[in-house]
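The values are calculated or read from the model by the stated rules, or taken from the named source; none is laboratory data. This structure is a prediction, so every number in the text was calculated from the model and none was measured. Cβ placement follows ideal geometry from the backbone for every residue including glycine, while neighbour counts extend to all protein chains displayed.
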């Protein structure tokens, strides 16, 4: 199964198939679905905050610390926080 883009993993989970083509065990899918159901009910604090969180989480895989920090600031968000640096770059 070819997986690409931000929805690729969600599509694979929905299909119950891992990247290597093997079936995802039913117990794993059940737990994932239960946790995601709880998450879908959680109140949100704001779209731009969620956007920034996603950018930091994913951007840290693609950009070095200084580049991501600069891009966040240029876009109008706060730069990387010490706890984010420790978690994603430590």
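Here are the numbers:
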item: Given (1) within 18 Å of the chain's Cα centre (by Cα); (2) surrounded by fewer than 11 Cβ atoms within 10 Å (Cβ to Cβ), number of the condition residue 78 does not satisfy; result: (1)
item: Segments classed as helices (runs of 4 or more DSSP H), wholly inside the stretch 2-63, with at least 3 members that are without any contact (Cβ under 8 Å) to a residue 40 or more places away in the chain and surrounded by fewer than 10 Cβ atoms within 10 Å (Cβ to Cβ); result: 26-40
item: Boolean, residue 68 is more than 14 Å from the chain's Cα centre (by Cα), surrounded by 11 or more Cβ atoms within 10 Å (Cβ to Cβ) and at pLDDT 95 or above; result: yes
item: Residues of the stretch 65-90 that turn out to be more than 14 Å from residue 52 (Cα to Cα), touching a residue at least 24 places away in the same chain (Cβ under 8 Å) and assigned to a loop (DSSP other than H, G, I, E, B), as a count; result: 0
